[in-house]
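Novice: Input: one structure, supplied below.
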Amino acid sequence: MHGRLKVKTTAEQAEEKRKHREKKLKLFQGAKAAAFKKITAKEYDREGLHITQEILTANSDYYTIWNYRKNTFLHYKSTKSTEELLESFQAELSFIQNCLKNNPKSYSCWNHRCFVLLTMPEPDWKKELQLCNLFLQYDERNFHCWDYRRFVVQHSAVLPGDEINFTHKLIENNFSNYSSWHHRSKLLPIQCPDLNDPNRIGEKMLLEELELVQNAFFTDPNDQSAWFYHRWLLGRGETKQSITCLHVSKPDSRLTCTLRKRVSLAQCSSMKVYVNGQQQNVTWTGVDDQKYQHACIASLLKSNSLWDTTRCQLSLHPR
Amino acid sequence: TGMENTFERKKHIRFFTRILQILPSRYAILDTSRLTVAFFALSGLGVLDALDAIPDKDKQEIIEWIYTLQVVGNKASDMETTNNYDCSHIAMTYTGLASLLILGDDLRRVNKHACLEGIKALQLPDGSFKSSYDGSENDMRFIYCACCVCTMLDDFSAINQATATNFIMKSLCHDGAFGQGPGHESHGGSTYCACASLQLMGRLTTTLSPKQLKRLEYWCISRQRNGFNGRPHKDDDTCYSFWVGASLKILGIFDLVDFKENENFVLSTQDIIVGGFAKWPQINPGNIFAADALHSYMGVCGLALMSLHSLQPVDPTLNISERARLHMQTLHE
């Protein structure tokens with residue numbers, strides 16, 4: 001599905017191709033039958049690994065077959081020595097890497113690799129980072145590889161700081177590196193969080209980032225990465241809800257409340273009104289028919305004797 | 001070149017009917033997802049308003065074939081497996097049910113309980129779904145499939161909507177759109193899955209704040225250069241005329257799309273000899289990239305969203321024709 005090339009053939013070549021495909025199909029179907037025999041019988045052995053390796057070399061997206069290999073390795077974990085296990089797992093990593101070379105965007109391959117790293121004794125996370133570097137050289141927008149990289153960083157002792165430096169290097173080489181900026185947007189809040197919003201960067205780092213991103217769009221004003229990142233840096237996080245103004249009209253027995261953030265009428269209805277400690281039964285309405293309102297109005301009972309006093313305590317409890 | 005491309009309706013009909021007859025070896029890599037390919041062909045014909053290109057006998061055969069793929073029982077339930085397949089795959093369940101609806105089937109032979117139990121067993125504690133019980137990656141695509149299955153079976157009780165919504169929101173990125181999961185880069189495909197899932201769960205405007213909706217709208221509309229791309233600085237690709245186009249429909253701002261540019265791009269990716277659409281424009285008549293089922297279907301739907309070429313309207317959330325959706329609704333009554 002990812003842009004296979006078409007090649008013109010003569011009738012002769014077409015027939016040759018057809019015969020070749022028939023042969024391939026027979027082999028594939030034979031291997032598939034043999035593999036499913038193993039799967040159904042739950043036979044986890046070297047023969048099974050051999051058969052499934054053939055199948056996956058032809059079709060590395062065959063998730064059922066990867067799962068057989070997964071079960072085989074889980075079986076091995078309880079039956080083989082650590083040395084043998086390590087050898088098997090390392091062979092598996094080589095095999096997966098070959099599959100990835102032909103199919104670098106395969107969900108199944110990357111997913112299986114995660115399984116191997118989490119299951120094997122003594123995983124070499126440094127090596128995995130190098131693998132990521134390699135695949136990012138082929139295609140720096142390969143999000144499968146970036147996601148795998150985040151998995152490696154999460155499970156190993158790699159410091160956010162080191163990863164941030166890595167993104168810095170990539171960005172300096174080429175400012176138009178959206179995936180690097182994205183990676184950065186996830187790492188910086190870990191290293192230097194905004195105390196009000198864990199998804200945003202703290203003030204201190206914010207200014208440094210602003211300078212970096214300004215360099216980016218001064219160098220290449222057409223690069224979208226920098227502008228989206230810039231927008232994120234400048235934007236405040238979600239503002240906290242608060243009442244900006246509360247107007248009480250005694251003659252009209254009406255409260256008008258304006259809020260910092262717009263609310264729907266459903267959210268509005270959760271605001272409770274207390275007059276001198278007594279809860280009032282109110283219905284909030286909006287000022288127009290927009291779904292989200294900045295202001296809402298509530299009518300209080302005219303007969304409320306509290307209106308006669310000169311002092312009354314009004315409290316509102318917004319959500 | 002300034003040449004206007006014509007919409008090769010007859011060729012596309014033939015392209016899809018051919019797929020239903022035989023899948024060439026080029027599709028060997030998709031051997032595990034034949035049902036999704038069948039769905040692209042069936043739904044494509046539906047949107048082209050050409051389902052009558054399939055003889056009734058063949059339609060019945062396809063329906064029978066789909067029912068043979070129904071897996072009753074998985075490791076989570078006590079029911080026996082009734083066929084050779086080890087366990088189901090959530091995308092096959094979605095496209096299987098959708099295909100049945102498109103063919104006018106009444107879903108009477110669907111074991112609704114087993115199906116929903118199967119979906120339930122795939123949801124993880126973080127709210128996302130894996131694709132099959134034996135294990136797979138888990139991400140936004142499968143949340144979407146789950147929501148579609150629940151919609152088609154008119155029963156959301158099997159899924160935890162709160163945790164699913166939570167996972168979706170955790171996948172929001174700095175640029176306002178959605179990645180495949182928390183930490184992942186925003187992408188047109190995952191953004192579509194997130195928007196459609198929230199819409200199907202009836203939670204789009206109650207979950208996203210007005211500010212978040214605005215940011216999301218901005219990111220989505222920015223995907224259009226001529227056609228649409230799936231991420232900033234990537235090439236336009238036919239399928240995003242649907243993934244992003246449908247997202248814009250769901251967000252209510254599809255009218256901001258430049259219809260002419262979008263149409264020109266999609267039509268430029270047509271294979272005018274074989275029919276169907278490729279992901280990228282055909283640079284010369286000799287064809288550089290082959291048309292494939294997915295891009296052909298998405299190309300047709302991308303045009304259908306703009307109500308062009310007498311195409312049937314497409315429901316942007318379920319990704320089937322409005323007609324098929326209406327049929328589904330009659331089954332729910």
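Novice: Quick one: count up the residues across the stretch A:105-144 that are closer than 25 Å to residue A:74 by Cα and either open to solvent by less than 50 Å² (accessible area, probe 1.4 Å) or within 11 Å of chain B (Cβ to nearest Cβ) (or both).
Specialist: Number satisfying all stated conditions: 21.
Novice: Regarding the stretch B:295-316, can at least one residue be identified that is free of Cβ contacts under 8 Å to residues at least 60 places away in the same chain and under 21 Å from residue B:18 (Cα atoms)?
Specialist: Yes, the stretch B:295-316 has at least one match.
Novice: If I ask for residues that are at the interface with chain A (Cβ under 10 Å from one of its Cβ atoms) and not in a loop (DSSP other than H, G, I, E, B), which ones from the stretch B:150-192 would you list?
Specialist: Those that are at the interface with chain A (Cβ under 10 Å from one of its Cβ atoms) and not in a loop (DSSP other than H, G, I, E, B): B:170, B:172, B:190.
Novice: Output the number of the condition that residue A:154 fails; it satisfies all remaining conditions of (1) more than 12 Å from every other protein chain (Cβ to nearest Cβ); (2) closer than 19 Å to residue B:185 by Cα; (3) surrounded by fewer than 14 Cβ atoms within 10 Å (Cβ to Cβ).
Specialist: Only one criterion is unmet by residue A:154, namely (1).
Novice: When residue B:283 is evaluated against the numbered criteria (1) within 14 Å of chain A (Cβ to nearest Cβ); (2) more than 14 Å from residue B:7 (Cβ to Cβ); (3) surrounded by fewer than 18 Cβ atoms within 10 Å (Cβ to Cβ); (4) in contact with an Asp or Glu (Cβ under 9 Å, 6 or more places away or on another chain), which criterion, by number, is the only one it fails?
Specialist: Among (1) within 14 Å of chain A (Cβ to nearest Cβ); (2) more than 14 Å from residue B:7 (Cβ to Cβ); (3) surrounded by fewer than 18 Cβ atoms within 10 Å (Cβ to Cβ); (4) in contact with an Asp or Glu (Cβ under 9 Å, 6 or more places away or on another chain), the lone unmet condition for residue B:283 is (4).
Novice: Among the residues of the stretch A:143-175 satisfying the criterion of being out of contact with any helix residue (DSSP H, G or I) (no Cβ under 8 Å at 6 or more places or on another chain) and of a type in the set (D, E, K, R), which is farthest from residue B:232 (Cα to Cα)?
Specialist: Selected residue: A:162.
Novice: Restrict the check to the stretch A:273-285 and report whether at least one residue is within 14 Å of chain B (Cβ to nearest Cβ), part of a loop (DSSP other than H, G, I, E, B) and at pLDDT below 80.
Specialist: No: zero hits.
Novice: Also: If you check every pair at least six apart or on different chains, which have Cβ atoms under 6 Å apart with a residue in the stretch B:196-210 that is within 14 Å of chain A (Cβ to nearest Cβ) first and a residue that is open to solvent by 40 Å² or more (accessible area, probe 1.4 Å) second?
Specialist: From the stretch B:196-210, the pairs are B:210/A:262; B:210/A:292.
Novice: Among the residues of the stretch A:20-32, what is the count of those that are among the hydrophobic types (A, V, I, L, M, F, W, C), more than 11 Å from chain B (Cβ to nearest Cβ) and open to solvent by less than 60 Å² (accessible area, probe 1.4 Å)?
Specialist: Let us first name the residues in the stretch A:20-32 that are among the hydrophobic types (A, V, I, L, M, F, W, C), namely A:25, A:27-28, A:31.
Checking which are more than 11 Å from chain B (Cβ to nearest Cβ) leaves us with A:27, A:31.
If we keep only those that are open to solvent by less than 60 Å² (accessible area, probe 1.4 Å) too, we end up with A:31.
Result for the stretch A:20-32: 1.
Novice: Collect the residues in the stretch A:228-271 that are open to solvent by less than 50 Å² (accessible area, probe 1.4 Å) and hydrophobic (A, V, I, L, M, F, W, C), keeping them in residue-number order.
Specialist: Result: A:228, A:232, A:233, A:255, A:257, A:259, A:263, A:268, A:271.
Novice: Of a type outside the set (Ser, Thr, Tyr), open to solvent by 20 Å² or more (accessible area, probe 1.4 Å) and in contact with a Pro (Cβ under 8 Å, 6 or more places away or on another chain), is that true of residue A:86?
Specialist: Here the answer is yes, as residue A:86 does meet what is asked.
Novice: If you don't mind, there's one more thing I want to ask. Considering only the stretch B:286-328, state which residues are surrounded by fewer than 21 Cβ atoms within 10 Å (Cβ to Cβ), more than 14 Å from chain A (Cβ to nearest Cβ) and more than 24 Å from residue B:104 (Cβ to Cβ).
Specialist: Across the stretch B:286-328, the qualifying residues are B:306, B:308.
Novice: So, one more: Could you check, for the stretch A:205-212, whether at least one of its residues is in a helix (DSSP H, G or I), facing another protein chain (nearest Cβ under 10 Å) and open to solvent by 60 Å² or more (accessible area, probe 1.4 Å)?
Specialist: Scanning the stretch A:205-212 turns up no residue that is in a helix (DSSP H, G or I), facing another protein chain (nearest Cβ under 10 Å) and open to solvent by 60 Å² or more (accessible area, probe 1.4 Å).
Novice: Condition first: open to solvent by 30 Å² or more (accessible area, probe 1.4 Å) and in a loop (DSSP other than H, G, I, E, B). Now tell me which residues in the stretch A:173-196 satisfy that.
Specialist: Of everything in the stretch A:173-196, those that are open to solvent by 30 Å² or more (accessible area, probe 1.4 Å) and in a loop (DSSP other than H, G, I, E, B) turn out to be A:174, A:175, A:176, A:195, A:196.
The values are calculated or read from the model by the stated rules, or taken from the named source; none is laboratory data. Bear in mind the structure is a predicted one, so any value in this text is a computation, not a measurement. Glycine also receives a Cβ, built like all others from the backbone with ideal geometry; neighbour counts cover every protein chain displayed. We work out accessible area using only protein heavy atoms, side chains counted, and drop any ligands, DNA or RNA first. Shrake-Rupley method; radii C 1.70, N 1.55, O 1.52, S 1.80 Å.
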